[in-house]
Amino acid sequence: MHDRLTPVFEEVVRRNPGEAEFHQAVREVLESLGPVVSKHPHYADAAIIRRMCEPERQIIFRVPWVDDAGEVQLNRGFRVEFNSALGPYKGGLRFHPSVYLGIVKFLGFEQIFKNSLTGMPIGGGKGGSDFDPKGRSDAEVMRFCQSFMTELYRHIGEYTDVPAGDIGVGGRELGYLFGQYKRITNQYESGVLTGKGLTWGGSQVRTEATGYGTVFFVDEMLKRRGRSLDGVKTVVSGSGNVAIYAAEKVYQLGGRVIAMSDSSGYVVDEDGIDLYLMKDIKEKRRGRVSDYVDERGGGARLVTGGSVWDVPCDVALPCATQNELTAEDAASLIRNGVVAVAEGANMPCTPDAVRAFQDAGVAFAPGKAANAGGVATSALEMQQNASRDSWNFAYTEERLHVIMRDIHERCAATAEEYGAPGNYVVGANISGFTKVADAMIAFGVI
Ligand code: NDP
Ligand code: 2IT
């Protein structure tokens, strides 16, 4: 790490004890910024980078709610408003039992650079709760969401902070959240949330955007290497929103998805995962990948224990959660001849896994570039809401495609400019950083 950045990192660790994921995300960015600080030392002045590592505002609140048995349940809610240099805070809400301040801060920090990379006017933020929607009835999820929004509403707004979905927060949750916001404020403020339903202000392609965008990015990386997705064997981890639409776009571009997973195990189907069935199980019935194997029959098999990354493939798309792909997994993917890896999830590869891919010459796309299509399409949703317009699917998808090509181009060109050709991590971090830093410098000390 550059010697002007080491003290910044040490301060982050000291001031944010016990937040391992946040430290990991900050370290990765700071390790990339050496060349930019050497070339343009003013970026290390005026505590710009120190300020960037300190959230502008952090909100933690109590979320009490009543379960179906009439018992009072208690969860903790978070919203970290990290950086508003480029626009209103923007980023999803995650509902998962593992959520604590360190997870929300790592996600919020990543979001600053990701949102900058999209080229859209959006700052960075993230929120969520340790609430676990699994096994809860619709009525319980509704009561939880209403209680969560009863506090959150005073902190958000079209021009202030615009949440969306993430793990455990999809169309159902956003509906309950928007309904409660609308009721409390007595305003139909469409631009306050994104990922809304298509009949109440949502955008075409937002549901598909993160997964589609990730695969558009892979397509660009492969093109650079004179290859395409045609006939390519792909493994996708997870089977949620990002995973399902990454798989769908792989099929549309001629590839085949042979394995997917959830937290209970993974399914291998060498004939190609039947996405119609997987969607029905995951999106409609909220089932498990084991249901897929039971219903699909044929050669599909379920593996519990072990790692989905043991399945040989050409392209690997980690689309579940942070640190799900370790150095050991990277070694087995490399041994099996993987050509490209793109992070559909946020920080799914551990730092030593990333290094292993780069050392082995595997094309590696970091989440803040590869999965930026989701938030970029959220910004397109905000645009449509602001102009009271709604665009069709083909037009919106083309906008997403152009944005992903631009992000790829910007990362590749920046990596080249700073002496790290082909290193998309360096390219994404430097390119995302300079735009935010320039705005912060323009604003003075705030
Ligand atoms: P979903 O809740 O729709 O799906 C999450 C998937 O990951 C599920 O299959 C889930 O399995 C699995 N998973 C979650 N946590 C764990 C865990 N601790 N261990 C093993 N498996 C786990 O979430 P999304 O698809 O929206 O999000 C997936 C990733 O993509 C996250 O990292 C998110 O931050 C990132 N992302 C999402 C965007 C979006 O627009 N939704 C945009 C950009 C990034 P199970 O059901 O068994 O828990
Ligand atoms: O991690 C992410 O970029 C998201 N969960 C999407 C955020 C958004 O505001 O659409």
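Could you please let me know if E328 is touching a Leu at 6+ places or on another chain (Cβ under 7 Å) and more than 14 Å from ligand 1 (Cβ to nearest atom)?
Working: touching a Leu at 6+ places or on another chain (Cβ under 7 Å): no; more than 14 Å from ligand 1 (Cβ to nearest atom): yes.
So E328 fails the test.
Of the residues L86, L107, L101, L93, only one is surrounded by fewer than 24 Cβ atoms within 10 Å (Cβ to Cβ) and touching an Asp or Glu at 6+ places or on another chain (Cβ under 9 Å); which?
Details: L86 fails: touching an Asp or Glu at 6+ places or on another chain (Cβ under 9 Å); L107 fails: surrounded by fewer than 24 Cβ atoms within 10 Å (Cβ to Cβ); L93 fails: surrounded by fewer than 24 Cβ atoms within 10 Å (Cβ to Cβ).
It is L101.
Quick one: is G432 open to solvent by less than 10 Å² (accessible area, probe 1.4 Å), at pLDDT 95 or above and either closer than 22 Å to P88 by Cβ or more than 19 Å from the chain's Cα centre (by Cα) (or both)? Break it down into steps so the answer makes sense when it comes.
Values: open to solvent by less than 10 Å² (accessible area, probe 1.4 Å): yes; at pLDDT 95 or above: yes; either closer than 22 Å to P88 by Cβ or more than 19 Å from the chain's Cα centre (by Cα) (or both): yes.
Here the answer is yes, as G432 does meet what is asked.
Which residues, taken from region 401-424, are hydrophobic (A, V, I, L, M, F, W, C) and either crowded, with 24+ Cβ neighbours inside 10 Å or not in a helix (DSSP H, G or I) (or both)?
Here is the first cut: in region 401-424, the residues hydrophobic (A, V, I, L, M, F, W, C) are 402-404, 407, 411-413, 415, 420.
Once the filter is applied, which keeps residues that are hydrophobic (A, V, I, L, M, F, W, C) and either crowded, with 24+ Cβ neighbours inside 10 Å or not in a helix (DSSP H, G or I) (or both), region 401-424 yields M404, I407, C411, A420.
Would you say G102 is under 24 Å from M382 (Cα atoms), modelled with pLDDT of 95 or more and out of contact with any Cys (no Cβ under 9 Å at 6 or more places or on another chain)? Break it down stepwise before answering.
Details: under 24 Å from M382 (Cα atoms): no; modelled with pLDDT of 95 or more: yes; out of contact with any Cys (no Cβ under 9 Å at 6 or more places or on another chain): yes.
Answer is no for this residue.
Please count how many residues of region 365-387 are open to solvent by less than 10 Å² (accessible area, probe 1.4 Å) and either more than 16 Å from the chain's Cα centre (by Cα) or away from ligand 1 (no atom under 15 Å from the Cβ) (or both).
Counting residues in region 365-387 that are open to solvent by less than 10 Å² (accessible area, probe 1.4 Å) and either more than 16 Å from the chain's Cα centre (by Cα) or away from ligand 1 (no atom under 15 Å from the Cβ) (or both) gives 3.
Do you know which of the residues in region 107-116 that are touching a residue at least 60 places away in the same chain (Cβ under 8 Å) and more than 10 Å from ligand 1 (Cβ to nearest atom) is farthest from I403 (Cα to Cα)? Write out each step before concluding.
Looking only at region 107-116, we keep the residues that are touching a residue at least 60 places away in the same chain (Cβ under 8 Å), and these are 107, 109-116.
Next cut, more than 10 Å from ligand 1 (Cβ to nearest atom) only: 109, 112-113, 115-116.
Numbers: F109: 21, I112: 17, F113: 15, N115: 12, S116: 12 Å.
Checked region 107-116; the qualifying residue farthest from I403 (Cα to Cα) is F109.
Considering E270, E248, E283, which residue is open to solvent by 30 Å² or more (accessible area, probe 1.4 Å), under 16 Å from G373 (Cβ atoms), modelled with pLDDT of 95 or more and not small (G, A, S)? Even if it seems obvious, please write down each step before you answer.
Details: E270 fails: under 16 Å from G373 (Cβ atoms); E283 fails: under 16 Å from G373 (Cβ atoms).
Within the list E270, E248, E283, the selection yields E248.
Do any helices (runs of 4 or more DSSP H) entirely within region 202-299 hold 3 or more residues that are of a type in the set (D, E, K, R), and if so, which? If you could, list the steps in order and put the result at the bottom.
Working: elements: 206-224, 241-252, 275-279, 289-296.
In region 202-299, the matching helices (runs of 4 or more DSSP H) lie at 206-224, 289-296.
Looking only at region 206-223, count every residue that is surrounded by fewer than 23 Cβ atoms within 10 Å (Cβ to Cβ) and touching a strand residue (DSSP E or B) at 6+ places or on another chain (Cβ under 8 Å) and tell me the total.
Summing the residues that are surrounded by fewer than 23 Cβ atoms within 10 Å (Cβ to Cβ) and touching a strand residue (DSSP E or B) at 6+ places or on another chain (Cβ under 8 Å) in region 206-223 gives 1.
The values are calculated or read from the model by the stated rules, or taken from the named source; none is laboratory data. All values derive from a computational prediction rather than experimental measurement. Glycine also receives a Cβ, built like all others from the backbone with ideal geometry; neighbour counts cover every protein chain displayed. Surface accessibility is based on the protein's heavy atoms, side chains included, excluding ligands, DNA and RNA. Shrake-Rupley method; radii C 1.70, N 1.55, O 1.52, S 1.80 Å.
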